[in-house]
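**Student:** Before I ask anything, let me first share the structure, which is written out below as structure tokens.
Please treat every number below as a calculation from the coordinates, not as lab data. Treat the numbers as computed from the prediction; the structure is a model and nothing was measured. In this analysis, Cβ positions are derived from the backbone assuming ideal geometry, glycine residues included, and neighbour counts consider all displayed protein chains.
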Amino acid sequence: MMINVQNLTKRFSGRTAVDGISFQVQPGEIVGFLGPNGAGKSTTMRMLTGYLPPTSGSASISGHDVFNDSLKARREIGFMPENVPLYEDMRVAEYLSFRAALKGVKIREVRSHVERAMEYCGLTEVKKKMIGTLSKGFRQRVGLADALVHKPRLLILDEPTNGLDPNQIRQVRSLITQLAGEHTILLSTHILSEVQMSCRRVIIINKGTIRADDTPDALANNLQSSGTVSVELKAAPAEAEEKLTALEHVRRLSSSDAGGGWHRYELRVEPGGDVRVDISELARARQWSLRELTQHNATLEDVFVELTQRD
């Protein structure tokens, strides 16, 4: 087992940031670790990497206790924090060589480790440039190369695409997918589409507790409100909202003005519920004009919103 977390808790001045969470990650998994701001994601990652001590509970990396056997545990980890600290007055290859030495890479192996990390992260062309002159995208790549340079078995990446443009995000996503064969990856990000494409498993944390732990598809299929139906009608809004809300399987409704007397309604429906026929018959019976009726399957974003706004 690569990560084993049992009843991990962290309190700050009476506030509980992480509240007795437990989860495991097997070797080779890519796991998305999701939650809103302040949910406890970064605190958990900092405890796993030895930056913060827990209030109670335990965590181990590849069988090494993070707190009682910290040095061995940290040798297994490559950590990329959300805001990557870099020495801007060093050149890329120089910085990575320095970091490799700090992480215990043997002197005769430093060069090969650095070249491998730069090649993986697309840094070879800028290896002689000062870090301070690089773009945001290249700095993120340097941070990722830093996490990789000692060939850790586990990568913990906290918002690795933070501040990148869409092209750079795609490049980082491709890189993470390539790394999956050699590394276990715990990935925190707010870009849910990236998680859905990259991760085989998702853990969602909110208010310090784990709310879900499954594959993205399974979470969407089991979601209490498993999909939405979009409807555009020309009808009295109050009447339409009353009748649509009363339909079987409809859990929640929101509406907006679509202009020209048309109104758009988004209906949250239960798992397996398909209300399109009922809406069509209702529109015919009430003599409403209908110009759109579309069902959308639940996405990871729907799951995230449902689980983190439930309270």
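**Student:** Below 8 Å, C-alpha to C-alpha, sequence gap of six or more: please give me the relative contact order for the chain in percent.
**Tutor:** Answer for the chain is 18 percent.
**Student:** Hey, another quick one. Above 20 angstrom, tally the Cα pairs of the range 1-129 and express them as a % of all pairs, no decimals.
**Tutor:** 55 percent
**Student:** Run the dipole for the chain about the Cα centre, Lys and Arg Cβ at +1, Asp and Glu Cβ at -1, nothing else charged, and hand back the magnitude in debye, nearest 20. Write out the running numbers ahead of the final one.
**Tutor:** Details: 40 positive and 38 negative charges, 270 e Å.
Roughly 1300 debye, rounded to the nearest 20.
**Student:** Do any trypsin sites (Lys or Arg not before Pro) in the range 128-175 lie in a DSSP loop with no more than 10 other beta carbon atoms within 10 Å, and if so, which?
**Tutor:** Filter output for the range 128-175: Lys128.
**Student:** Another question, then. Taking 1 over the mean of 1/r across every pair of different Cα atoms in the range 223-308, what Kirkwood radius in Å do you get?
**Tutor:** 13.1 Å
**Student:** For the chain, what is the Kirkwood hydrodynamic radius in Å, using each pair of distinct C-alpha atoms?
**Tutor:** 21.9 Å
**Student:** I've got another one for you. Roughly how many Å is it from the Cα centre of the range 164-191 to that of the range 132-161, as a whole number?
**Tutor:** Each part reduced to its Cα centre gives a spacing of 10 Å.
**Student:** So, one more: Over the range 72-133, with a single point scatterer placed on each C-alpha, what log10 of the ratio I(q)/I(0) does the Debye formula yield at q = 0.12, 0.14, 0.26, 0.29 1/Å?
**Tutor:** Once normalised to I(0) and log-transformed, intensities are -0.30, -0.41, -1.29, -1.37.
**Student:** In debye to the nearest 20, how big a dipole does the range 124-242 give about its Cα centre with +1 on each Lys and Arg Cβ and -1 on each Asp and Glu Cβ?
**Tutor:** Dipole size: approximately 980 debye.
**Student:** If you don't mind, there's one more thing I want to ask. Step through the table entries Lys103/Lys136; Lys103/Lys207; Lys129/Lys151; Lys106/Lys207; Lys10/Lys106; Lys207/Lys234, compare each Cα-Cα distance with 32 Å, and write down the pairs that go over it.
**Tutor:** Lys103/Lys207; Lys106/Lys207; Lys10/Lys106; Lys207/Lys234
**Student:** How would you rank His296, His263, going from fewest to most other Cβ atoms within 10 Å of each one's own Cβ?
**Tutor:** His296, His263
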